[in-house]
């Protein structure tokens with residue numbers, strides 16, 4: 001995957017070497033959080049030895065890819081602004097994750113921001129719960145957000161999907177999911193989106209939320 005640094009290195013995108021599908025008709029996508037959804041959340045991970053892919057990741061990525069979805073990762077990495085790790089550390093962890101997943105072209109892009117909570121209120125902030133990483137991906141890949149899905153373990157993930165206009169939201173108990181489940185349920189009462197509560201990705205493999 002090739003790497004692009006944006007906005008004075010506050011944002012970074014890993015892009016597949018596949019050609020962009022912008023010229024084609026709008027695509028549907030699955031947006032994944034990273035820590036606690038694709039890999040084990042070890043709290044500000046910086047060492048590749050700590051990278052561990054969670055159960056169901058490979059099977060679900062293969063299923064969604066085969067059904068014609070784009071697989072896109074959106075992740076907050078405030079450890080960078082807090083000086084807990086560097087963009088180089090982040091890139092090494094990301095490359096290790098891709099190596100362990102080992103599915104060619106299964107992930108189309110990875111959008112990340114190194115912003116801290118103090119930058120959340122900026123209209124240009126990519127930090128979730130802002131929807132800007134999803135919006136950017138939709139512009140880059142011509143994605144129909146109304147037909148797309150978000151999978152996360154935190155309320156901020158769910159909010160970012162809701163704000164971006166995604167109609168299908170999935171909350172997992174992995175990562176910070178057990179701590180966040182009550183907040184997610186309470187928030188869902190105020191939105192009209194479809195919310196699916198699952199234990200982990202293995203349960204999603206059998207769900208018919210993903211369609212041709």
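None of the figures in this text is laboratory data; all of them are computed from the coordinates on show. Please read all numbers here as calculations on a predicted model, not as lab measurements. Cβ sites come from the backbone with ideal geometry, for glycine too, and all protein chains shown count toward neighbours.
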Query raised in the report: Who wins for biggest fluctuation among 76, 132, 102 in a Gaussian network model of the chain, springs between alpha carbons below 10 Å?
Result: 102
Report task. Give the relative contact order (percent, whole number) for the chain; include only Cα pairs under 8 Å separated by 6+ residues. Result -> 24 percent
**Report entry** Least to most buried among 206, 65 (fewest other Cβ within 10 Å first)
**Finding:** 206, 65
**Report entry** Cα-derived Rg over Rh, computed across segment 155-212 with Rh taken as Kirkwood radius
**Finding:** 0.95
Query - Separation of the residue 139 and residue 55 label points, Cα + 7 Å toward Cβ, nm - result: 4.0 nm
**Report entry** Neighbour-count order for 87, 126, fewest beta carbons within 10 angstrom listed first
**Finding:** 87, 126
Report task. Please find, in a Gaussian network model of the chain (springs between Cα atoms separated by less than 10 Å), the residue of 117, 131, 26 whose mean-square fluctuation is greatest. Result -> 117
Query - Residues residue 146 and residue 25, FRET efficiency given R0 of 22 Å [Cβ-Cβ distance, rounded to 0.05] - result: 0.95
Query raised in the report: Whole-Å semi-axes of segment 76-135's equivalent ellipsoid, largest first, each the root of 5 times a Cα gyration tensor eigenvalue?
Result: 24, 16, 6
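Counting helices only, and only those DSSP H runs with n ≥ 4, report the 222 nm mean residue ellipticity of the chain as the sum of -39,500 (n - 2.57) divided by its residues, in deg cm²/dmol to the nearest 500. List each step's numbers first, then the result.
Working: 6 runs with 61 residues, N = 212.
The helix contribution divided over the chain gives -8500 deg cm²/dmol.
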**Report entry** q = 0.10, 0.16 Å⁻¹, segment 30-123: log10 I(q)/I(0) [Debye, one scatterer per Cα]
**Finding:** -0.27, -0.66
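Gain in length, residue 43 to residue 7, computed as 0.36 nm per residue apart minus the alpha-carbon separation, to one decimal in nm?
Values: separation 36, 0.36 × 36 = 12.96 nm, distance 2.51 nm.
Result for the pair: 10.4 nm of gain on full extension.
Stretched out fully, how many nm does the piece from residue 203 to residue 122 gain, at 0.36 nm a residue minus the Cα gap? Don't skip to the end; give the middle numbers.
Values: separation 81, 0.36 × 81 = 29.16 nm, distance 3.66 nm.
Stretched fully, the residue 203-residue 122 segment lengthens by 25.5 nm.
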**Report entry** Convex hull volume of segment 83-174 per residue (C-alpha atoms, cubic angstrom)
**Finding:** 129 Å³
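Cut-off is 10 Å between beta-carbons; in what order do 30, 73 appear when sorted fewest neighbours first?
Numbers: 30 26, 73 22.
In increasing order of surrounding Cβ atoms, one gets 73, 30.
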Report task. Please find, in a Gaussian network model of the chain (springs between Cα atoms separated by less than 10 Å), the residue of 182, 158, 74 whose mean-square fluctuation is greatest. Result -> 182
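Could you grab the Rg to Rh ratio for the chain? Cα atoms only, Kirkwood for Rh. Don't jump to the answer; show the numbers that get you there.
Values: Rg = 15.7 Å, Rh = 17.0 Å.
The Rg/Rh ratio comes out at 0.92.
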